[in-house]
Amino acid sequence: MSSKYYFDFVFSGFGGQGILIAGNLLCYAAILENREVTFFPSYGVEMRGGAANCYVVLSDSQIGSPIPSHPMASIIMSTPALNKFLPIIKNNGIVIINSDIVSIKDLQREDLNISLIPANKLSSEVIGNERLANMVMLGYLVAATKCVCLESLVNSISEVVSEKHKKMIPLNEKAVLAGYELFQKNSRG
C-alpha cells in the first residue's frame, strides 16, 4: 500500500458490548480528520449475546477493500472472537483483549503485541458503568496506534451516541480518556 496513512482493524465480541459503536466512532473521528474510511459490520441474528464484529479501514487515499485479510490491529471482547480473529492478525500487529471477559489459556501467537486490559473493571471503577468497556478499549487502541487524534475521537462521540442516550456522552468521553491514559501509563512504566 503506497498510502502514508493506512490503518485496518477488526473489532469483535458479543452483541450488546458496543463493538459496532466503537468501530463507527473511530470512523467518525477519521472523517473529522478528512480521511477515507470504510466500516463493514457483521452481527448475528440475536439481539444480545450473538457474535458481533466490524472491520474498519482508515486511509489517506481510496480504499480498495472494506475487509482486510490481515488487519494490523484488533479489539477482542469475547473468547470466540479471540479464537476466530487472532489467527488473521498481521505479524507484529496490535491485539487489545478485554481480560475481564476473554479466557486466555494458550495464545498461539508470539509475534503480536498483546495488551490485556481489565476494561470492565476499569470502566466500573472509573466511570461507574462497566457497559462502557468498549470505550475504554477504543481509547487504548487510539493511544496505541495513533490512528486518529484523541480530540477527534472525543468530538465524534456526540455523532455516534443516539439521541436517546445523549446523557451518556460525558461518561463515554471519560471512558475513552481512561483507556487512552491507561496506554500512556503502561507505555511509561
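The values are calculated or read from the model by the stated rules, or taken from the named source; none is laboratory data. As the structure is a prediction and not an experimental result, all values here were calculated from the model. As a convention, Cβ positions derive from the backbone with ideal geometry for all residues, glycine included, and neighbour counts pool all protein chains shown.
Some observations on this one:
- Qualifying position, being part of a loop (DSSP other than H, G, I, E, B), surrounded by fewer than 20 Cβ atoms within 10 Å (Cβ to Cβ), on the phi < 0 side of the Ramachandran plot and small (Gly, Ala, Ser), among 49, 64: 64
- Of all residues in segment 1-16, those that are touching a strand residue (DSSP E or B) at 6+ places or on another chain (Cβ under 7 Å) and assigned to a loop (DSSP other than H, G, I, E, B) total 3.
- Single residue of segment 71-106 satisfying the filter (more than 15 Å from the chain's Cα centre (by Cα), assigned to a loop (DSSP other than H, G, I, E, B) and not hydrophobic (A, V, I, L, M, F, W, C)) that is nearest to residue 20 (Cα to Cα): 100
- Qualifying residue in segment 166-180 (condition: more than 24 Å from residue 124 (Cβ to Cβ), of a type in the set (A, V, I, L, M, F, W, C) and at pLDDT 95 or above): no
- Within segment 93-121, residues that are within 17 Å of residue 184 (Cβ to Cβ) sit with their Cβ atoms under 7 Å from residues that are part of a helix (DSSP H, G or I) and of a type in the set (Val, Ile, Thr), at 6+ positions apart or across chains, in these pairs: 94/145; 117/136; 119/136.
- Residue identified as in a loop (DSSP other than H, G, I, E, B), in contact with a helix residue (DSSP H, G or I) (Cβ under 9 Å, 6 or more places away or on another chain) and either buried (at least 19 other Cβ atoms within 10 Å of the Cβ) or modelled with pLDDT under 95 (or both) among 131, 109: 109
- Output for segment 9-25, where each listed residue is over 20 Å from residue 166 (Cβ atoms) and surrounded by 20 or more Cβ atoms within 10 Å (Cβ to Cβ): 9, 10, 11, 12, 13, 14, 17, 19, 23
- Test: residue in segment 56-66 that is under 13 Å from the mean Cα position of the chain (by Cα), at pLDDT 95 or above and among the small types (Gly, Ala, Ser): no
- Checking each residue in segment 134-189 for being aliphatic (A, V, I, L, M), touching a residue at least 60 places away in the same chain (Cβ under 8 Å) and closer than 17 Å to residue 10 by Cα picks out 135, 137, 138, 141, 142, 144, 148.
- In segment 134-189, the residues that are surrounded by fewer than 17 Cβ atoms within 10 Å (Cβ to Cβ) and either under 12 Å from the mean Cα position of the chain (by Cα) or of a type in the set (Lys, Arg) (or both): 146, 164, 166, 167, 185, 188
- Filter result for residue 30 (touching a Cys at 6+ places or on another chain (Cβ under 8 Å), in contact (Cβ under 8 Å) with a residue 60 or more places away in the chain and either surrounded by fewer than 20 Cβ atoms within 10 Å (Cβ to Cβ) or in a helix (DSSP H, G or I) (or both)): yes
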